[in-house]
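**Q** Next up is a structure, given as structure tokens.
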Amino acid sequence: MKSYQDQKSLILSFYDELEAANADSVGKVISQFTNPDFQWYGVYPFNEQNGGDAVAEVFWIPFLSAWSNVQRRQDVFLAGTSEIDNTDWVISMGHFMGLLDGNWLGFPASRKIAFLRYADFNCIEDGKIVRSSFFCDLIGFMHQLGINPLPPQTGASFIYPGPRTHDGLLFEPQDQRESQKTLELVNRMIGDLTDLNKSENDCPPPDLLTKTWHDDMIWYGPAGIGASYTIPRYQEQHQ
């Protein structure tokens, strides 16, 4: 069984170099760690980009030009192999924190601390990043500036914390048996939710969700939807 230590080490080194980079040097850092045919999939307005230079131009250079003293504050870090195409992936989730000292995406500088929630999925082949999917909560960022472009959300929106147990950063090799149990649980959940969607039943009994969810589950939805705590409140506020 794989330990994924080489893949994890590559991404951690990449993140260290990104954090040390500035708007002038970040393109070189990306090129160092990525394949020449690197594919990057971002949310709007960043969209799909081909090649490290394009990724730097569209996201990283504007971001590092506007945000000062940026830190990547990870809450979840893990790796595994895709069941679909047998590729190896490293996943990171958390927040970027920095000082919004310049205008970014048309939003004015606040000169205050700002957070950008993110999830980053990186596919590794032959020691290089070949594909990445990058999600960030721009609505949550807008809320910090006092801007709310959407109708009132049914959940709560705030700077979401990491796991209560503070054990989401899996830098070391993991017990493969426990990893397999977790994967099977997640796949059962996906199967249950898929069946529920097909049934078009928007108000299932809580017992259906308790098959895979703990009774004190937390749903950390993006800003505009918001977070919900416990299954009954999830059903009331999200479902």
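The values are calculated or read from the model by the stated rules, or taken from the named source; none is laboratory data. Bear in mind that the values here come from a model prediction, so they are computed numbers and not experimental data. Cβ sites come from the backbone with ideal geometry, for glycine too, and all protein chains shown count toward neighbours.
**Q** Could you tell me which numbered condition Glu172 fails, if it satisfies all but one of (1) out of contact with any helix residue (DSSP H, G or I) (no Cβ under 9 Å at 6 or more places or on another chain); (2) exposed (fewer than 11 other Cβ atoms within 10 Å of the Cβ)?
**A** All conditions are met except number (1).
**Q** Now, a different point. Would you confirm whether any residue within segment 96-113 is under 16 Å from Leu10 (Cα atoms) and crowded, with 16+ Cβ neighbours inside 10 Å?
**A** Of segment 96-113, the ones under 16 Å from Leu10 (Cα atoms) are none.
Checked against the condition, which is being under 16 Å from Leu10 (Cα atoms) and crowded, with 16+ Cβ neighbours inside 10 Å, segment 96-113 yields no hits at all.
**Q** May I pose another question? What is the number of the single condition among (1) loosely packed, with under 12 Cβ neighbours inside 10 Å; (2) at pLDDT below 90; (3) under 23 Å from the mean Cα position of the chain (by Cα) that Ile190 does not meet?
**A** (2)
**Q** Say whether the condition of being in a loop (DSSP other than H, G, I, E, B), exposed (fewer than 15 other Cβ atoms within 10 Å of the Cβ) and under 23 Å from the mean Cα position of the chain (by Cα) is met by at least one residue in segment 212-222. Full working, then the answer.
**A** Taking segment 212-222 first, the residues in a loop (DSSP other than H, G, I, E, B) are 212-217, 221-222.
Narrowing the set further to residues that are exposed (fewer than 15 other Cβ atoms within 10 Å of the Cβ) leaves 214-216.
Restricting the remaining residues to those that are under 23 Å from the mean Cα position of the chain (by Cα) gives 214, 216.
Scanning segment 212-222 turns up at least one residue that is in a loop (DSSP other than H, G, I, E, B), exposed (fewer than 15 other Cβ atoms within 10 Å of the Cβ) and under 23 Å from the mean Cα position of the chain (by Cα).
**Q** Restricting the search to segment 143-172, which residues are under 18 Å from the mean Cα position of the chain (by Cα), closer than 25 Å to Leu105 by Cα and without any contact (Cβ under 8 Å) to a residue 24 or more places away in the chain?
**A** Once the filter is applied, which keeps residues that are under 18 Å from the mean Cα position of the chain (by Cα), closer than 25 Å to Leu105 by Cα and without any contact (Cβ under 8 Å) to a residue 24 or more places away in the chain, segment 143-172 yields nothing.
**Q** In addition: Under 7 Å between Cβ atoms, at least 6 apart or on separate chains: pull out the pairs that start in segment 210-239 with a residue that is within 17 Å of Met93 (Cα to Cα) and end on any residue that is acidic (Asp, Glu) and crowded, with 16+ Cβ neighbours inside 10 Å.
**A** Note: pairs meeting the criteria are Pro222/Asp137; Ala223/Asp137.
**Q** Kindly provide the set of residues from segment 1-53 that are touching a residue at least 60 places away in the same chain (Cβ under 8 Å) and assigned to a strand (DSSP E or B), ordered by number.
**A** As a first pass, look at segment 1-53 and keep what is touching a residue at least 60 places away in the same chain (Cβ under 8 Å): 1-8, 10-12, 14-15, 33-35, 37-43, 45-46.
Passing the criteria: Thr34, Asn35, Asp37, Phe38, Gln39, Trp40, Tyr41, Gly42.
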